[in-house]
1. Exactly one of (1) surrounded by fewer than 22 Cβ atoms within 10 Å (Cβ to Cβ); (2) in contact with a Phe, Trp or Tyr (Cβ under 9 Å, 6 or more places away or on another chain) is unmet by B:Ser88. Its number?
2. Starting from region B:177-188, take each residue that is under 13 Å from A:Gly64 (Cβ atoms) and list its partners that are among the hydroxyl-bearing types (Ser, Thr, Tyr), counting only C-beta distances under 6 angstrom and pairs at least six apart or across chains.
3. Quick one: in region B:168-188, which of the residues that are more than 18 Å from B:Arg240 (Cβ to Cβ) and crowded, with 23+ Cβ neighbours inside 10 Å is nearest to the other protein chains (Cβ to nearest Cβ)?
4. If we only count helices (runs of 4 or more DSSP H) wholly inside region B:291-377, which ones have 1 or more residues that are within 22 Å of the chain's Cα centre (by Cα) and on the phi < 0 side of the Ramachandran plot?
5. Sort out which residues of region B:38-77 are within 15 Å of B:Leu233 (Cα to Cα) and among the hydroxyl-bearing types (Ser, Thr, Tyr), and write them in order of number.
6. Residues of region B:126-148 being surrounded by 16 or more Cβ atoms within 10 Å (Cβ to Cβ), in a strand (DSSP E or B) and under 29 Å from the mean Cα position of the chain (by Cα), which ones?
7. Any idea which of (1) out of contact with any helix residue (DSSP H, G or I) (no Cβ under 6 Å at 6 or more places or on another chain); (2) free of Cβ contacts under 8 Å to residues at least 40 places away in the same chain; (3) crowded, with 16+ Cβ neighbours inside 10 Å; (4) not acidic (Asp, Glu) is the one B:Arg354 doesn't satisfy?
8. How many residues does region B:5-49 hold that are outside any helix (DSSP H, G or I) and at pLDDT 95 or above?
Amino acid sequence: MKVDERLARDAFRPDDQSHIAIDQVACARCERRPCVRVCPGQLYALVEETDEMRVEHTGCLECGTCMIVCPGGALRWRYPGGGAGIRYRFG
Amino acid sequence: MAEGDRVDVVIVGAGLAGLACAWTLLGHGVEVLVLERGDQAGAKNLSGGRLYHGPLESLELLDGAPYERVVTRESIALVAGGAVTQVSFASDRLAEPERRSSTVLRARLDAWLADRVSGAGGVVATGTLVDGLVRDDGGTVRGVVAQGEEILARVVVAADGALSAMARHGGLRSELEPSQLALGIKALYSLDAGKIEDRFCLAPGEGAAELVVGEITSGLPGGAFLYTNRDSLSLGVVVRLDALASDAAASPPDLLHAIEQRPEIARRIAGAELVEYGAHLVPEAAPDRFGRRVADGLVVVGDAAGLVINHGITVRGMDLALVSGVLAGQAIAQALEQDDASRAALSRYDDLLRDSTVGQDIGRFAGSAETLSRSWLTRDLPAIAADMAAELYSFGPGPKERLSTTAWRHLRRRVLRLGMLGELLRLRRL
């Protein structure tokens, strides 16, 4: 099963603004880009034309893994606003 | 007991640690405000999950709590190639009140506990994100900022989980490193209770807990778990974050996908419907290296304090969260009675924790996570076990050796050799 099919089973209440901000300059200095691979929702993707990192914040499971593994401190990560984001029905 | 706009205690996070702390404080007549960012308690919480009841003694908060199944069947399997070497234990003795463990689903359990705390007079404000701490010039914590508003309190309890922004703001720990954490991802499969009982050989209400290590994590330190809930299965994998962050590692969804394809797992989840997918970080470093637990006006409990012990064949965190919440509540109540919320007064919590049975376990097993991260356990041991078992259980063209000779030959060649002895000695830490 693809990860977006898994995420489609989850309940989310979208936040108006992204809780993850990417510093593109710091991100561009990183060659490994571990965020792309380790994100459990596979929400990070490099836009080839512009070489910019993008994150699909609405599917975020709020685990914080990307922030911890980011070697260049390129992610400003906070929780979504109160009541927004992932809503585990089982947990 | 409130003075002006100040509440006695603000608790950040309505998880097990925060709610146990709130319950204990209410029992001492202390006013509590629990702030929870989810739109209900448990909405942001994810555990494996099973709860060990033994260390909780008789925590009244849990009376009648919605557990899934009492675990009466345990197993751990080492997988290598197509081979599975498994040790299992099934016994009513696992269901004895003193040593029982239950599978739980946090969204249900935490919401139920929050209702109990509300019923006892506590205020649980959901949908409320705490932005940071209010600190005076001397650095003493005087409250929190929630959604742009200051809420003053005599004591703040950081029960905000493994990432704990509160512990960091309070200066009790530095930024977390990948080596201090493991990533857990979990798929919840809905399956009829009768089918669960058939597939796992269970009586109604009884549960199974299966761990799988070895190739199942592509050799990464960690393991997979499969727990039975009332009418669902929790299938997940927990892997150390430093190993996962290395370039050669598979992505977490690929790991989970590969696990689901393995025959021993596929048969268990056949026909079951995926109803939820989640991810959560788990403290992995020894709690005492995770950070300090007490500052002036601030106390850290549960995952936020790194209170998880990995024993290898069992992993526990929820019982530690509940116990730490209770002990923090007792210490805070006493400190407030003396009108002293200084670090010195609140450090009674640290003393109570250290002297408690879980505190002794924390000290004793401080090195276990390191021991379990040794790659031979997940890479070599499953293959050694499989090679030995294949000979023990079969008859080749030549004469049969005594069982002890076969076993000794494998141990001598592959385990009792230089380089491996140090690894074996490390196992004493478990």
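1. (2)
2. B:Leu183/A:Thr65
3. Step one: filter region B:168-188 for residues more than 18 Å from B:Arg240 (Cβ to Cβ), giving B:168-174, B:187-188.
Pick out the ones that are also crowded, with 23+ Cβ neighbours inside 10 Å and you get B:170, B:187-188.
Values: B:Gly170: 17, B:Ala187: 7, B:Leu188: 5 Å.
Per the criteria, the residue is B:Leu188.
4. Answer list for region B:291-377: B:318-337, B:348-355, B:357-364, B:368-372.
5. Residues satisfying the conditions are B:Ser47, B:Tyr67.
6. Those that are surrounded by 16 or more Cβ atoms within 10 Å (Cβ to Cβ), in a strand (DSSP E or B) and under 29 Å from the mean Cα position of the chain (by Cα): B:Val130, B:Leu133, B:Val141, B:Gly143, B:Val144, B:Ala146.
7. Here B:Arg354 meets the rest and fails (3).
8. So the first thing to find is which residues in region B:5-49 are outside any helix (DSSP H, G or I), and the list is B:5-15, B:28-49.
Among the residues that remain, those that are also at pLDDT 95 or above are: B:7-15, B:28-47.
Of the residues in region B:5-49, 29 are outside any helix (DSSP H, G or I) and at pLDDT 95 or above.
The values are calculated or read from the model by the stated rules, or taken from the named source; none is laboratory data. Everything numeric in this text was worked out from a predicted model, so none of it was measured. Using ideal geometry, Cβ is built from the backbone for each residue, glycine included, and neighbour counts are taken over all protein chains shown.
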